[in-house]
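The values are calculated or read from the model by the stated rules, or taken from the named source; none is laboratory data. Computed from a predicted model, the values in this text were never measured in an experiment. With ideal geometry, Cβ positions are generated from the backbone for all residues, glycine too; neighbour counts draw on all protein chains shown. Side chains included, ligands, DNA and RNA excluded: accessible areas come from the protein's heavy atoms. Shrake-Rupley method; radii C 1.70, N 1.55, O 1.52, S 1.80 Å.
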Amino acid sequence: MAKEIKKKKRKFKKRFWVLTGIILVFILVIGLATGYVYSKLNKFSYHDGTIDEQTASDMIVEDVSEEESTDSLISEEEAAGLTEMEAVLAEGETVTDKDVVNILLLGTDERTKNFSTNARADSIMILSLNKRDKTMKLVSLQRGMGVPVLDGPYEGQYDWITHMFRYGGADLMMRTVNEMFHVEVDYYMRVNFNTFAQLVDSVGGVDITLTDVEASALNGEIRTNAYAKHLMYPGVNHLDGYDALQYSRLRYTDSDWKRVQRQRTVIQAVMTACKDMSIFELDAMLNEVLPLIQTNMTPTEMLGLLQYSSAVLGQNFEQMTIPAQGTYGTMTGMGGRSLYAVDFQKNTEILHEFLYKATETESDSDNT
């Protein structure tokens, strides 16, 4: 009997140490994986999004770039077809949903690696992650929308939403989106022209289908604001970072509404390309690109969202542009600039329906 008891004790100890070993190995692997992830997330350039009061006060209304002074965001032809009106501000409370995370994506117009406070948000989007449905949605906000400046020397005056970045950085941009649309946006991620091109190059380029007009414009055969360095053809073209940036900036060929569609097309193509990359390729891409992205998200906050990334990577985004067709006119704002006069009440309702209702397969709701 004593021998049997000793034998059972030896078996128990053996199983105990085997189990303990397995647990320790598991913890070690998880620890190494977590350490790896944190090492990547720490590569982001953290910034809370604010700029100091002196810098903000220096961003005077007359201080506009040559491009802005000669190239209005709203053409005379388009303005002539719109009704003059006043903006209609939205009423009600900010919508919150613990399962929906909204991140403001800002593309600022620096041509260099370094970020500047004297920049404008050339591209403004809301990337919305629904953790419950494991889906992503992408909303472009027209940069020519007229919005009131929330604070500072120009408080209460209307200007393009793109200039809010100049007046108060990413922080003012987020507060403006919250105020105008009653949508909870606590995070932002910022890239510039240089980062955008490098991101595309880091995934090996993207396949984009060009129309006859787009190809002609990129080849410099018709008036445009952007030129490719490689010969383009109607149909599918493989674009490197530089040419993808030029494609995303095309505007004179049609309208700013089509321009933001092109931007989303490139983002979708990059996401699709990431899905097919090897671990080593992804690692190299992250090492190159992450330091070029500015955000107010901490590594811990980003880690909380990463668990949903595998489910949405490579998915087709549901997409739309705000303001919706038929919900805006024109008005004159600071510096005599022509602005979109938006019915923010209607657009708030449209945006809430899009972001917070169950995901459905819908066509792109952009203007043409």
Subject >> Residues of segment 132-189 classified as more than 17 Å from residue 94 (Cα to Cα), touching a His at 6+ places or on another chain (Cβ under 9 Å) and in a helix (DSSP H, G or I), total >> reply: 2
**OP:** Return the total of residues in segment 75-95 being under 19 Å from residue 357 (Cα atoms) and open to solvent by 90 Å² or more (accessible area, probe 1.4 Å).
**Re:** 1
Original post:
Of all residues in segment 109-161, which are free of Cβ contacts under 8 Å to residues at least 12 places away in the same chain and either charged (D, E, K, R) or in contact with a Cys (Cβ under 9 Å, 6 or more places away or on another chain) (or both)?
Top reply: 155
Subject >> Exclusive hit being surrounded by 15 or more Cβ atoms within 10 Å (Cβ to Cβ), of a type in the set (D, E, K, R), part of a loop (DSSP other than H, G, I, E, B) and out of contact with any Pro (no Cβ under 9 Å at 6 or more places or on another chain), set 251, 259, 223 >> reply: 251
**OP:** Scan segment 229-247 for residues that are open to solvent by 20 Å² or more (accessible area, probe 1.4 Å), in a loop (DSSP other than H, G, I, E, B) and of a type in the set (A, V, I, L, M, F, W, C) and report the count.
**Re:** 1
**OP:** Could you grab the pairs with beta carbons closer than 7 Å, sequence gap of 6+ or different chains, first residue in segment 194-220 and within 30 Å of residue 287 (Cβ to Cβ) and polar (S, T, N, Q), second one open to solvent by 50 Å² or more (accessible area, probe 1.4 Å) and not in a strand (DSSP E or B)?
**Re:** 194/111; 194/112; 194/113; 198/288; 202/288
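Based on what the data block shows, is residue 154 at negative phi, touching a Phe, Trp or Tyr at 6+ places or on another chain (Cβ under 9 Å), open to solvent by 10 Å² or more (accessible area, probe 1.4 Å) and aromatic (Phe, Trp, Tyr)?
Yes: the conditions hold for residue 154.
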